[in-house]
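Step one of this worksheet: look at the structure below.
Read-outs throughout are calculated quantities, based only on the coordinates presented, and are distinct from any laboratory measurement. Just so it is clear, the model here is predicted, and its values are computed rather than measured. Ideal geometry is used to build each Cβ from the backbone, glycine not excepted, and the neighbour counts take in all protein chains shown.
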Amino acid sequence: MAIKTLLKRDYIFILILAVLRFLSSKNVIPNFSYLLIALPLAFYFFPVKLFLDKSLFDETKSKKIVKVLSYFIISSIIVFSALLFYEDERNSFIVNTFLVYSLLNTILFFYFYFTENISYYFILTLCASFLVSIPIMT
């Protein structure tokens, strides 16, 4: 798979993160290794992805805001899923913030499905929902 094809289908990275999150929650791989992989991917999705997405400049202002917001939410979900390993209390700021971001991701999921019909962002938010479900269930 070429690099350009892989970057167009970068939701695969989130699915790989979901599998790694599951494996590290079951203590198959160390938690620190998940942190080392998740943080660069979170950095990729928010600031770097904005510069790589050339179609973002051709959109209307409202569509730009929603797309940038979806990148920010997905990046935040990745960061908070890594930080949840190091949080002991279940009623902390990090857990509550993670749940708020997961709710916002669900809203964006339905928004992209019903109004925009943009398959890439729909699949991206769906994969982020898989990543969200693992820390909530374990």
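Results, tabulated for the structure shown:
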| read-out | value |
| --- | --- |
| Mean ellipticity per residue at 222 nm, deg cm²/dmol - from DSSP H runs of n ≥ 4 across the chain, formula -39500 (n - 2.57) | -23000 deg cm²/dmol |
| Amide proton proximity set for Ile29, modelled H, under 5 Å, gap of 5+ | Ser24 |
| Sequence-distant aspartates and glutamates (8 or more away, or on other chains) whose Cα lies within less than 17 Å of Lys64 | Asp53, Glu116 |
| Cβ-based exposure ranking for Ser76, Ser81, Ser129, in which fewest neighbours within 10 Å come first | Ser129, Ser76, Ser81 |
| Phi to ³J(HN,Hα) by Karplus 6.51 cos²θ - 1.76 cosθ + 1.60 over the stretch 17-25, Hz, x for Gly, Pro | 5, 5, 5, 5, 5, 5, 5, 6, 6 |
| Extended-chain gain in nm, criterion 0.36 nm per residue less alpha-carbon gap, Tyr113 and Ser133 | 5.3 nm |
| Cβ-derived FRET efficiency at R0 22 Å, Lys63 paired with Leu103, nearest 0.05 | 0.55 |
| Integer Hz, Karplus 6.51/-1.76/1.60 couplings in order for the stretch 26-32, x for Gly and Pro | 8, 6, 7, 10, x, 5, 5 |
